[in-house]
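Read through the structure below, which is laid out as C-alpha coordinates, and then see the notes.
The values are calculated or read from the model by the stated rules, or taken from the named source; none is laboratory data. No experiment lies behind these values; they were computed from the predicted model shown. Cβ sites come from the backbone with ideal geometry, for glycine too, and all protein chains shown count toward neighbours.
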Amino acid sequence: MRTRFSAGSRHGLFGCRRWVWSARAAAVCLLSAVALGDGGGAWAETLLASAEPEPIAITVEQAVERALTANHELRIDRLQLAGERRSAETAWNRFLPSLSASSSLSRSVPGRADDPYSVSAGVQSSLSLSVARVREGRRAMLEYQQGQVSYEESEQRLRRDVRRAYYAILVHEAELKIKNEAVDTAEVRYRRSVDDYEAGLVSRYTMLSDRVAWQRQVPELGALEDDVRAAKAEFAMLLGFSRETRIELTDELSVETIELDAERLVTLYRDVSPHIRTEMLRAEEDELALRLERDRDLPSLSLSYSVSQTHGTPFTDPWADSDSWSTSGQVSISLSLSLDRLLPGSAARTAKEDRERSLAERELRLLDLRERADEEIEQLVRRIERTQESLEVRALTAETAELAYELAEEEYEDGFIDSLELRSAALELEEARLAVLEEQLRLLNAYAELEYMLGDRGKEL
(Lines give C-alpha, C1' and ligand atoms only; values in the text may rest on other atoms or scores of the structure.)
Protein backbone atom coordinates (compact mmCIF):
# COMPACT_ATOMS: atom_id res chain seq x y z
CA MET A 1 0.00 0.00 0.00
CA ARG A 2 3.03 2.34 0.21
CA THR A 3 4.97 3.91 -2.63
CA ARG A 4 8.51 5.13 -2.07
CA PHE A 5 10.49 7.43 -4.32
CA SER A 6 14.23 7.92 -4.46
CA ALA A 7 16.72 9.85 -6.49
CA GLY A 8 17.59 6.77 -8.53
CA SER A 9 14.06 6.12 -9.74
CA ARG A 10 13.00 6.31 -13.33
CA HIS A 11 12.15 10.00 -12.98
CA GLY A 12 15.72 10.90 -11.92
CA LEU A 13 16.10 14.26 -10.28
CA PHE A 14 12.46 15.16 -11.05
CA GLY A 15 11.21 12.18 -9.05
CA CYS A 16 13.50 13.12 -6.19
CA ARG A 17 12.28 16.71 -6.26
CA ARG A 18 8.69 15.56 -5.76
CA TRP A 19 9.83 13.64 -2.70
CA VAL A 20 11.27 16.74 -0.99
CA TRP A 21 9.60 17.74 2.28
CA SER A 22 11.84 20.50 3.54
CA ALA A 23 14.95 22.50 2.72
CA ARG A 24 17.15 19.92 4.44
CA ALA A 25 15.56 17.14 2.38
CA ALA A 26 16.22 19.20 -0.78
CA ALA A 27 19.91 19.41 0.04
CA VAL A 28 20.07 15.68 0.72
CA CYS A 29 18.30 15.00 -2.57
CA LEU A 30 20.79 17.13 -4.52
CA LEU A 31 23.76 15.42 -2.92
CA SER A 32 22.21 12.06 -3.69
CA ALA A 33 21.76 12.96 -7.35
CA VAL A 34 25.41 14.04 -7.58
CA ALA A 35 26.56 10.89 -5.82
CA LEU A 36 24.56 8.69 -8.17
CA GLY A 37 26.02 10.51 -11.11
CA ASP A 38 29.53 9.81 -9.78
CA GLY A 39 28.77 6.18 -9.09
CA GLY A 40 28.49 6.66 -5.33
CA GLY A 41 25.07 5.04 -4.92
CA ALA A 42 25.96 3.27 -1.66
CA TRP A 43 27.19 6.52 -0.12
CA ALA A 44 23.97 8.30 -1.16
CA GLU A 45 21.78 5.62 0.35
CA THR A 46 23.70 5.90 3.63
CA LEU A 47 23.31 9.67 3.61
CA LEU A 48 19.58 9.46 2.97
CA ALA A 49 19.13 6.89 5.72
CA SER A 50 20.95 9.06 8.26
CA ALA A 51 19.17 12.30 7.24
CA GLU A 52 15.61 11.06 7.80
CA PRO A 53 14.42 9.56 11.09
CA GLU A 54 12.86 6.14 11.08
CA PRO A 55 9.09 6.27 10.55
CA ILE A 56 6.77 5.15 13.33
CA ALA A 57 4.96 1.97 12.26
CA ILE A 58 1.46 1.89 13.72
CA THR A 59 -1.77 -0.10 13.36
CA VAL A 60 -5.22 1.40 13.58
CA GLU A 61 -5.74 0.05 17.10
CA GLN A 62 -2.37 1.35 18.22
CA ALA A 63 -3.26 4.74 16.73
CA VAL A 64 -6.51 4.79 18.71
CA GLU A 65 -4.75 3.92 21.96
CA ARG A 66 -2.07 6.53 21.31
CA ALA A 67 -4.68 9.22 20.67
CA LEU A 68 -6.60 8.36 23.84
CA THR A 69 -3.48 9.00 25.93
CA ALA A 70 -1.74 11.83 24.04
CA ASN A 71 -4.38 13.86 22.20
CA HIS A 72 -4.26 17.40 23.54
CA GLU A 73 -7.98 18.14 23.41
CA LEU A 74 -8.86 14.93 25.20
CA ARG A 75 -6.27 15.69 27.88
CA ILE A 76 -7.99 19.04 28.46
CA ASP A 77 -11.35 17.27 28.80
CA ARG A 78 -9.75 14.84 31.25
CA LEU A 79 -8.53 17.71 33.44
CA GLN A 80 -11.95 19.34 33.37
CA LEU A 81 -13.57 16.07 34.39
CA ALA A 82 -11.12 15.74 37.28
CA GLY A 83 -12.17 19.18 38.50
CA GLU A 84 -15.85 18.26 38.32
CA ARG A 85 -15.18 15.02 40.19
CA ARG A 86 -13.41 16.92 42.94
CA SER A 87 -16.37 19.31 43.22
CA ALA A 88 -18.76 16.38 43.55
CA GLU A 89 -16.60 14.59 46.12
CA THR A 90 -16.30 17.72 48.28
CA ALA A 91 -19.95 18.77 48.00
CA TRP A 92 -20.39 17.81 51.67
CA ASN A 93 -18.26 20.77 52.74
CA ARG A 94 -21.29 23.03 52.43
CA PHE A 95 -22.35 21.64 55.84
CA LEU A 96 -19.17 22.86 57.50
CA PRO A 97 -19.61 26.05 59.54
CA SER A 98 -17.92 29.22 58.40
CA LEU A 99 -15.08 30.40 60.63
CA SER A 100 -13.47 33.84 60.69
CA ALA A 101 -11.28 35.96 62.94
CA SER A 102 -11.15 39.74 63.26
CA SER A 103 -9.27 42.46 65.12
CA SER A 104 -9.73 46.23 65.38
CA LEU A 105 -8.22 49.38 66.79
CA SER A 106 -10.66 52.18 67.65
CA ARG A 107 -10.56 55.65 69.24
CA SER A 108 -13.36 57.14 71.26
CA VAL A 109 -14.59 60.64 70.33
CA PRO A 110 -14.38 62.67 72.46
CA GLY A 111 -11.60 60.53 73.89
CA ARG A 112 -10.15 60.14 77.30
CA ALA A 113 -7.17 62.29 78.02
CA ASP A 114 -4.94 59.45 79.16
CA ASP A 115 -5.74 56.73 76.56
CA PRO A 116 -8.66 57.19 74.14
CA TYR A 117 -7.89 53.97 72.19
CA SER A 118 -9.13 50.39 72.54
CA VAL A 119 -8.07 47.11 70.92
CA SER A 120 -10.34 44.11 70.32
CA ALA A 121 -10.01 40.65 68.74
CA GLY A 122 -12.62 38.00 68.17
CA VAL A 123 -13.68 34.79 66.45
CA GLN A 124 -17.01 34.22 64.68
CA SER A 125 -18.63 31.04 63.38
CA SER A 126 -21.96 30.42 61.66
CA LEU A 127 -23.87 27.62 60.02
CA SER A 128 -27.03 27.65 57.90
CA LEU A 129 -29.17 24.55 57.49
CA SER A 130 -32.00 24.07 55.01
CA VAL A 131 -33.49 21.46 52.71
CA ALA A 132 -32.29 23.44 49.69
CA ARG A 133 -28.69 23.22 50.93
CA VAL A 134 -29.01 19.44 51.08
CA ARG A 135 -30.18 19.30 47.47
CA GLU A 136 -27.30 21.49 46.30
CA GLY A 137 -24.98 18.55 46.88
CA ARG A 138 -27.05 16.48 44.48
CA ARG A 139 -26.64 19.18 41.81
CA ALA A 140 -22.86 18.90 42.01
CA MET A 141 -23.13 15.14 41.47
CA LEU A 142 -25.38 15.65 38.43
CA GLU A 143 -22.87 18.06 36.92
CA TYR A 144 -20.13 15.48 37.39
CA GLN A 145 -22.26 12.78 35.76
CA GLN A 146 -22.86 15.08 32.80
CA GLY A 147 -19.13 15.64 32.60
CA GLN A 148 -18.58 11.87 32.55
CA VAL A 149 -20.99 11.43 29.66
CA SER A 150 -19.39 14.32 27.80
CA TYR A 151 -15.93 12.85 28.30
CA GLU A 152 -17.06 9.40 27.13
CA GLU A 153 -18.53 11.03 24.05
CA SER A 154 -15.25 12.87 23.42
CA GLU A 155 -13.40 9.55 23.66
CA GLN A 156 -15.74 7.86 21.22
CA ARG A 157 -15.55 10.82 18.84
CA LEU A 158 -11.76 10.67 18.95
CA ARG A 159 -11.83 6.93 18.24
CA ARG A 160 -14.05 7.59 15.22
CA ASP A 161 -11.90 10.46 13.94
CA VAL A 162 -8.69 8.42 14.28
CA ARG A 163 -10.17 5.47 12.42
CA ARG A 164 -11.51 7.71 9.67
CA ALA A 165 -8.18 9.46 9.27
CA TYR A 166 -6.33 6.13 9.24
CA TYR A 167 -8.62 4.66 6.58
CA ALA A 168 -8.47 7.84 4.51
CA ILE A 169 -4.66 7.70 4.44
CA LEU A 170 -4.78 4.05 3.39
CA VAL A 171 -7.09 4.98 0.54
CA HIS A 172 -4.88 7.91 -0.47
CA GLU A 173 -1.85 5.63 -0.52
CA ALA A 174 -3.74 3.09 -2.63
CA GLU A 175 -4.78 5.86 -5.02
CA LEU A 176 -1.18 7.00 -5.16
CA LYS A 177 -0.06 3.48 -6.03
CA ILE A 178 -2.68 3.22 -8.79
CA LYS A 179 -1.69 6.59 -10.20
CA ASN A 180 1.98 5.67 -10.02
CA GLU A 181 1.31 2.49 -11.99
CA ALA A 182 -0.70 4.51 -14.51
CA VAL A 183 2.17 6.96 -14.96
CA ASP A 184 4.64 4.11 -15.37
CA THR A 185 2.42 2.47 -17.98
CA ALA A 186 1.87 5.75 -19.82
CA GLU A 187 5.61 6.42 -19.93
CA VAL A 188 6.38 2.92 -21.25
CA ARG A 189 3.68 3.38 -23.88
CA TYR A 190 5.17 6.72 -24.91
CA ARG A 191 8.71 5.28 -25.15
CA ARG A 192 7.38 2.52 -27.33
CA SER A 193 5.51 5.02 -29.52
CA VAL A 194 8.77 6.89 -30.05
CA ASP A 195 10.43 3.69 -31.23
CA ASP A 196 7.45 2.83 -33.47
CA TYR A 197 7.39 6.36 -34.88
CA GLU A 198 11.09 6.21 -35.73
CA ALA A 199 10.46 2.84 -37.36
CA GLY A 200 7.54 4.31 -39.36
CA LEU A 201 4.90 2.12 -37.70
CA VAL A 202 2.81 4.91 -36.12
CA SER A 203 2.10 8.52 -36.98
CA ARG A 204 3.65 11.51 -35.28
CA TYR A 205 0.23 12.39 -33.90
CA THR A 206 0.02 9.02 -32.13
CA MET A 207 3.47 9.49 -30.65
CA LEU A 208 2.67 13.03 -29.41
CA SER A 209 -0.71 11.92 -28.10
CA ASP A 210 0.96 9.22 -25.98
CA ARG A 211 3.42 11.81 -24.70
CA VAL A 212 0.60 14.15 -23.66
CA ALA A 213 -1.20 11.25 -21.96
CA TRP A 214 1.93 10.50 -19.94
CA GLN A 215 2.95 14.06 -19.01
CA ARG A 216 -0.61 15.03 -18.10
CA GLN A 217 -0.61 12.52 -15.25
CA VAL A 218 2.72 13.58 -13.72
CA PRO A 219 1.30 16.71 -11.96
CA GLU A 220 -1.65 14.64 -10.76
CA LEU A 221 0.79 12.21 -9.20
CA GLY A 222 2.58 15.06 -7.44
CA ALA A 223 -0.73 16.42 -6.11
CA LEU A 224 -1.60 12.99 -4.68
CA GLU A 225 1.78 12.84 -2.97
CA ASP A 226 1.10 16.24 -1.38
CA ASP A 227 -2.32 15.05 -0.20
CA VAL A 228 -0.82 11.96 1.44
CA ARG A 229 1.90 14.03 3.08
CA ALA A 230 -0.60 16.58 4.43
CA ALA A 231 -2.96 13.86 5.65
CA LYS A 232 -0.16 12.14 7.55
CA ALA A 233 0.93 15.42 9.13
CA GLU A 234 -2.61 16.07 10.38
CA PHE A 235 -2.86 12.47 11.55
CA ALA A 236 0.37 12.82 13.51
CA MET A 237 -1.00 15.87 15.31
CA LEU A 238 -4.23 14.01 16.06
CA LEU A 239 -2.15 11.33 17.79
CA GLY A 240 -0.20 13.87 19.83
CA PHE A 241 2.96 13.81 17.69
CA SER A 242 4.55 16.79 15.95
CA ARG A 243 3.73 17.50 12.31
CA GLU A 244 7.24 16.46 11.27
CA THR A 245 6.82 12.95 12.67
CA ARG A 246 6.88 10.30 9.93
CA ILE A 247 4.17 7.69 10.34
CA GLU A 248 3.90 4.41 8.47
CA LEU A 249 0.54 2.62 8.46
CA THR A 250 0.97 -1.13 8.77
CA ASP A 251 -2.64 -2.29 8.40
CA GLU A 252 -3.97 -3.31 5.02
CA LEU A 253 -7.10 -1.78 3.51
CA SER A 254 -9.70 -4.52 3.90
CA VAL A 255 -13.43 -4.45 4.54
CA GLU A 256 -15.71 -7.16 5.87
CA THR A 257 -19.45 -7.11 5.32
CA ILE A 258 -21.63 -7.67 8.37
CA GLU A 259 -25.33 -8.27 8.88
CA LEU A 260 -27.04 -5.73 11.12
CA ASP A 261 -30.29 -5.99 13.06
CA ALA A 262 -31.81 -2.51 12.89
CA GLU A 263 -34.38 -3.11 15.65
CA ARG A 264 -31.75 -4.43 18.06
CA LEU A 265 -29.45 -1.50 17.29
CA VAL A 266 -32.26 1.00 17.86
CA THR A 267 -33.00 -0.48 21.28
CA LEU A 268 -29.29 -0.53 22.12
CA TYR A 269 -28.77 3.05 21.00
CA ARG A 270 -31.54 4.32 23.26
CA ASP A 271 -29.61 2.99 26.25
CA VAL A 272 -26.11 4.16 25.32
CA SER A 273 -26.64 7.32 23.25
CA PRO A 274 -24.61 10.10 24.90
CA HIS A 275 -27.08 12.70 23.63
CA ILE A 276 -30.01 10.93 25.26
CA ARG A 277 -28.09 10.29 28.47
CA THR A 278 -27.02 13.93 28.67
CA GLU A 279 -30.57 15.10 28.04
CA MET A 280 -31.86 12.78 30.74
CA LEU A 281 -29.35 14.19 33.23
CA ARG A 282 -30.34 17.72 32.26
CA ALA A 283 -33.98 16.84 32.78
CA GLU A 284 -33.09 15.50 36.22
CA GLU A 285 -31.16 18.69 36.91
CA ASP A 286 -34.18 20.80 35.89
CA GLU A 287 -36.39 18.74 38.18
CA LEU A 288 -33.89 19.25 41.00
CA ALA A 289 -33.86 23.01 40.31
CA LEU A 290 -37.66 23.03 40.55
CA ARG A 291 -37.49 21.25 43.89
CA LEU A 292 -34.94 23.80 45.07
CA GLU A 293 -37.34 26.60 44.21
CA ARG A 294 -40.09 24.87 46.14
CA ASP A 295 -37.76 24.23 49.09
CA ARG A 296 -37.24 27.95 49.45
CA ASP A 297 -40.76 28.07 50.87
CA LEU A 298 -39.54 25.97 53.79
CA PRO A 299 -37.92 27.57 56.85
CA SER A 300 -34.15 27.68 57.20
CA LEU A 301 -32.18 27.40 60.44
CA SER A 302 -29.13 29.53 61.20
CA LEU A 303 -26.66 28.98 64.03
CA SER A 304 -23.98 31.49 64.97
CA TYR A 305 -21.40 31.91 67.70
CA SER A 306 -18.96 34.73 68.38
CA VAL A 307 -16.50 35.62 71.14
CA SER A 308 -14.26 38.68 71.47
CA GLN A 309 -11.83 40.28 73.90
CA THR A 310 -11.26 44.02 74.28
CA HIS A 311 -8.41 45.98 75.84
CA GLY A 312 -9.66 49.44 76.87
CA THR A 313 -6.30 51.11 77.52
CA PRO A 314 -3.77 49.47 75.22
CA PHE A 315 -1.22 52.30 75.38
CA THR A 316 -1.22 52.88 79.15
CA ASP A 317 -1.83 49.48 80.79
CA PRO A 318 0.23 46.34 80.07
CA TRP A 319 -1.27 43.84 77.60
CA ALA A 320 -0.31 40.89 79.79
CA ASP A 321 -2.53 42.12 82.61
CA SER A 322 -5.67 39.97 82.44
CA ASP A 323 -7.65 42.59 84.34
CA SER A 324 -7.24 44.99 81.43
CA TRP A 325 -9.14 42.66 79.06
CA SER A 326 -12.89 42.19 78.91
CA THR A 327 -14.50 39.15 77.26
CA SER A 328 -17.89 39.04 75.55
CA GLY A 329 -19.63 36.45 73.42
CA GLN A 330 -22.90 35.56 71.75
CA VAL A 331 -24.72 32.43 70.67
CA SER A 332 -27.77 32.76 68.43
CA ILE A 333 -30.27 30.44 66.79
CA SER A 334 -32.60 31.89 64.21
CA LEU A 335 -35.39 30.49 62.08
CA SER A 336 -36.40 32.33 58.91
CA LEU A 337 -39.15 31.83 56.36
CA SER A 338 -39.38 33.56 53.00
CA LEU A 339 -42.77 35.09 52.16
CA ASP A 340 -41.80 36.42 48.72
CA ARG A 341 -43.99 33.90 46.88
CA LEU A 342 -47.07 35.29 48.55
CA LEU A 343 -46.64 38.46 46.52
CA PRO A 344 -48.16 38.31 43.00
CA GLY A 345 -45.54 38.71 40.28
CA SER A 346 -42.61 38.41 42.67
CA ALA A 347 -39.23 37.21 41.43
CA ALA A 348 -39.47 34.06 43.55
CA ARG A 349 -42.86 33.11 42.12
CA THR A 350 -41.73 33.88 38.55
CA ALA A 351 -38.58 31.76 39.00
CA LYS A 352 -40.67 28.80 40.12
CA GLU A 353 -42.97 29.11 37.08
CA ASP A 354 -39.94 29.36 34.78
CA ARG A 355 -38.52 26.16 36.25
CA GLU A 356 -41.81 24.33 35.69
CA ARG A 357 -41.93 25.46 32.06
CA SER A 358 -38.27 24.53 31.50
CA LEU A 359 -38.88 21.03 32.86
CA ALA A 360 -41.85 20.53 30.53
CA GLU A 361 -39.76 21.68 27.55
CA ARG A 362 -36.95 19.32 28.56
CA GLU A 363 -39.29 16.32 28.65
CA LEU A 364 -40.62 17.12 25.17
CA ARG A 365 -37.08 17.63 23.87
CA LEU A 366 -36.06 14.25 25.31
CA LEU A 367 -39.01 12.56 23.60
CA ASP A 368 -38.09 14.17 20.27
CA LEU A 369 -34.45 13.18 20.73
CA ARG A 370 -35.39 9.53 21.23
CA GLU A 371 -37.45 9.55 18.02
CA ARG A 372 -34.62 11.19 16.09
CA ALA A 373 -32.14 8.68 17.48
CA ASP A 374 -34.25 5.80 16.17
CA GLU A 375 -34.31 7.38 12.72
CA GLU A 376 -30.54 8.04 12.76
CA ILE A 377 -29.75 4.40 13.49
CA GLU A 378 -32.17 3.14 10.85
CA GLN A 379 -30.74 5.49 8.22
CA LEU A 380 -27.19 4.48 9.09
CA VAL A 381 -28.04 0.78 8.83
CA ARG A 382 -29.69 1.35 5.45
CA ARG A 383 -26.66 3.29 4.27
CA ILE A 384 -24.33 0.49 5.36
CA GLU A 385 -26.42 -2.11 3.55
CA ARG A 386 -26.51 -0.03 0.36
CA THR A 387 -22.77 0.57 0.53
CA GLN A 388 -22.09 -3.13 0.99
CA GLU A 389 -24.17 -3.93 -2.10
CA SER A 390 -22.49 -1.15 -4.06
CA LEU A 391 -19.05 -2.39 -3.02
CA GLU A 392 -19.80 -5.85 -4.41
CA VAL A 393 -20.87 -4.32 -7.73
CA ARG A 394 -17.81 -2.06 -7.85
CA ALA A 395 -15.51 -5.00 -7.16
CA LEU A 396 -17.04 -7.02 -10.01
CA THR A 397 -16.76 -3.99 -12.29
CA ALA A 398 -13.08 -3.61 -11.41
CA GLU A 399 -12.44 -7.28 -12.20
CA THR A 400 -14.18 -6.88 -15.55
CA ALA A 401 -12.24 -3.69 -16.31
CA GLU A 402 -8.96 -5.46 -15.51
CA LEU A 403 -9.84 -8.33 -17.83
CA ALA A 404 -10.83 -5.85 -20.54
CA TYR A 405 -7.53 -4.02 -20.19
CA GLU A 406 -5.54 -7.26 -20.48
CA LEU A 407 -7.45 -8.09 -23.69
CA ALA A 408 -6.86 -4.55 -24.96
CA GLU A 409 -3.13 -4.94 -24.43
CA GLU A 410 -3.11 -8.20 -26.36
CA GLU A 411 -5.12 -6.69 -29.23
CA TYR A 412 -2.86 -3.64 -29.25
CA GLU A 413 0.17 -5.92 -29.54
CA ASP A 414 -1.52 -7.70 -32.44
CA GLY A 415 -2.41 -4.41 -34.14
CA PHE A 416 -6.21 -4.77 -33.88
CA ILE A 417 -6.69 -1.54 -31.86
CA ASP A 418 -4.78 1.73 -31.68
CA SER A 419 -3.20 3.46 -28.69
CA LEU A 420 -6.28 5.62 -28.15
CA GLU A 421 -8.45 2.59 -27.45
CA LEU A 422 -5.74 1.15 -25.20
CA ARG A 423 -5.60 4.41 -23.22
CA SER A 424 -9.37 4.33 -22.90
CA ALA A 425 -9.24 0.82 -21.45
CA ALA A 426 -6.50 1.88 -19.02
CA LEU A 427 -8.55 4.88 -17.90
CA GLU A 428 -11.61 2.71 -17.31
CA LEU A 429 -9.53 0.33 -15.22
CA GLU A 430 -8.13 3.20 -13.14
CA GLU A 431 -11.60 4.63 -12.57
CA ALA A 432 -12.95 1.22 -11.57
CA ARG A 433 -10.18 0.71 -9.02
CA LEU A 434 -10.69 4.17 -7.58
CA ALA A 435 -14.43 3.53 -7.31
CA VAL A 436 -13.73 0.41 -5.25
CA LEU A 437 -11.48 2.42 -2.94
CA GLU A 438 -14.15 5.09 -2.50
CA GLU A 439 -16.78 2.51 -1.58
CA GLN A 440 -14.40 0.83 0.85
CA LEU A 441 -13.69 4.14 2.54
CA ARG A 442 -17.39 4.99 2.66
CA LEU A 443 -18.18 1.64 4.29
CA LEU A 444 -15.34 1.88 6.81
CA ASN A 445 -16.45 5.38 7.78
CA ALA A 446 -20.00 4.12 8.25
CA TYR A 447 -18.73 1.34 10.53
CA ALA A 448 -16.75 3.91 12.53
CA GLU A 449 -19.84 6.12 12.82
CA LEU A 450 -21.91 3.18 14.04
CA GLU A 451 -19.31 2.31 16.66
CA TYR A 452 -19.23 5.96 17.75
CA MET A 453 -22.99 6.05 18.17
CA LEU A 454 -23.11 2.80 20.14
CA GLY A 455 -20.09 3.48 22.35
CA ASP A 456 -18.39 0.54 23.99
CA ARG A 457 -21.27 -1.71 22.98
CA GLY A 458 -20.41 -0.99 19.34
CA LYS A 459 -17.11 -2.88 19.71
CA GLU A 460 -19.14 -6.11 19.63
CA LEU A 461 -19.75 -5.43 15.94
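Observations, loosely collected:
- Among (1) assigned to a helix (DSSP H, G or I); (2) crowded, with 16+ Cβ neighbours inside 10 Å, the one test that Leu208 misses: (2)
- The range 359-382, residues that are within 21 Å of Ala448 (Cβ to Cβ) and either acidic (Asp, Glu) or not assigned by TED's automatic domain parsing to the domain that holds Asp261 (or both): Asp374, Glu375, Glu376, Glu378
- Only one of the numbered conditions (1) part of a helix (DSSP H, G or I); (2) out of contact with any Gly (no Cβ under 8 Å at 6 or more places or on another chain) is not met by Ala67, and that is (2).
- Restricting Tyr144, Tyr151, Tyr117, Tyr167 to residues that are surrounded by 13 or more Cβ atoms within 10 Å (Cβ to Cβ), of a type in the set (Phe, Trp, Tyr) and over 30 Å from Ile276 (Cβ atoms) narrows the list to Tyr117.
- Just one of the listed residues (Arg159, Arg138, Arg189) is part of a helix (DSSP H, G or I) and modelled with pLDDT of 90 or more, and it is Arg159.
- The one condition in (1) assigned to a strand (DSSP E or B); (2) at pLDDT below 85 that Arg294 fails to fulfil: (1)
- Among (1) over 30 Å from Thr69 (Cα atoms); (2) in contact with a helix residue (DSSP H, G or I) (Cβ under 8 Å, 6 or more places away or on another chain) - the single one Leu239 does not satisfy: (1)
- Residue among Ala101, Ala88 that alone is within 55 Å of the chain's Cα centre (by Cα), aliphatic (A, V, I, L, M) and within 25 Å of Glu293 (Cβ to Cβ): Ala88
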